[in-house]
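Notes for the one structure printed next.
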Amino acid sequence: MKNLVISLGNICNSYCLFCKDGQQKVSSESKIVDIEKIKSKLIFYFNLGCKTVVFLGGEPLINPNLLKIIYYSKQIGYENIEISTNGLCCDNERLIRQLLLNGVNHFTVSIHSHLPEVEEYLTGVPGSLLKKIKGIKFLIKCLKNGLLKNGIMLNPVINSKNYRELKNYIKYFYKLGIRYIHFNFIGGSIYMWPLGKKLKATGLMPYYNEIIPYLIEAVYYTRMHMPDIKIRFSDIPICGLPLNNDYIRKYLNQIITNYFSEVKSESFVYINNRELEWDKFIHKEFKILTNICKCCEYKDYCGGILKNYIKVHGFKGIAKHFEKIYIKK
């Protein structure tokens, strides 16, 4: 099924350290996309065959035209209408009910830690975790009551402040009722800020080989104790996995397919007045396939290495053959 991903503008109510929209909030660059332009894109891409539309920001829940846009999307004929939010407004029960009545049937919520001090540090919003948890609980209540048919997904950004707590993060939100978590490694998002040397200065990007043991711990734990939860990891090259590990070697194909392989999509993106094909854009703008990558037996499952990772760390922390070949150069 073809999807449309559309940004409603870059105004935001959060100051996430790794997101350019959060950093633009205090600048003149913050703006809302004209509603008539949004309507025209909704019609155009629906006629191309898109049946799902995902609304991004900035933060879409603070867009004054959101209810009208959702209603219009439903009237056009979109079957799946999704909101990608930072979660700070999900405790507004009146707004959420109105969105559900107008046609929203899925929420993706960005919560980066189950620890208040970490979430507040990353988002720059005091009390942010408490507000988000309150909102998550209300969304789960709506889900259980049949008002949110396509469910809830969390999409935390893995960074140096939270990667050691991945298993505990999953356990925490599992108890609340979350059954889908998509972890994104820092540096691979269209909202990524800052880039290159500026990103290095933040100290937020860990080495791949630092986080891999914690990813494997999370995979092992969920397979053993939470078979009904779905977790995925984006922007982690498969060559970073410890392929000599007995557990990894035994279940390698299952682990790659279920947890680390790229999710292919026929998605069109409208953001910052640019119209893009999602998969081609991500591969061209954010990732690189080296000569080694092109010879890898897992190349069809992996999009390569993040350009931002190479800008920050070079080829250190990926795999021994990368270090031997590229670091010597």
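No lab work stands behind these numbers, since they all come straight from the coordinates. Predicted model only: the values in this text are computed from it and were never measured. Counting neighbours? That spans all protein chains shown, and the Cβs are built from the backbone with ideal geometry, glycine included.
Some notes on this structure:
- Over 27 Å (Cα to Cα) - which of K20/K41; K51/K144; K39/K137; K137/K230 fall in this group: K39/K137
- Cβ-isolated cysteines (cut-off 4.7 Å), the chain: C12, C50, C89, C90, C142, C239, C293, C295, C296, C302
- Here the stretch 84-135 yields Rg over Rh of 1.03, to two decimals, using C-alpha coordinates and the Kirkwood radius.
- Nearby aspartates and glutamates by direct alpha-carbon distance to K307 (threshold 13 angstrom, same-chain neighbours under 8 apart not counted): D235, E285
- The alpha-carbon of K167 sits under 18 angstrom from the alpha-carbons of these aspartates and glutamates, leaving out residues fewer than 8 places away in its chain: E117, E119, E210, E217, D228.
- Relative contact order, percent, the chain [alpha-carbon distance under 8 Å, six or more residues apart]: 16
- The calculated 222 nm mean residue ellipticity attributable to helices in the chain amounts to -11000 deg cm²/dmol, summing -39500 (n - 2.57) over DSSP H runs of n ≥ 4 and dividing by all residues.
- Selection from M224, I158, G187 lying farthest towards where the dipole of the stretch 2-327 points positive, charges on Cβ: M224
- Taking 12 Å as the straight-line reach from the Cα of K149, the aspartates and glutamates in range (excluding those fewer than 8 positions away in the same chain) are E79, E82.
- Test item: Cα-centred dipole of the chain, Lys/Arg +1 and Asp/Glu -1 on Cβ, debye: 300
- Local net charge near E93, Cβ-Cβ under 12 Å (Lys/Arg +1, Asp/Glu -1): +4
- Shape parameters for the stretch 1-126, alpha-carbon atoms, Rg then Dmax in Å: 14.9, 46
- From the Kirkwood radius over Cα pairs of the chain, Stokes-Einstein at 10 °C and 1.306 mPa s returns a whole-number translational diffusion coefficient of 77 µm²/s.
- When both bridge partners sit in the chain, DSSP labels roughly 20% of those beta bridges antiparallel.
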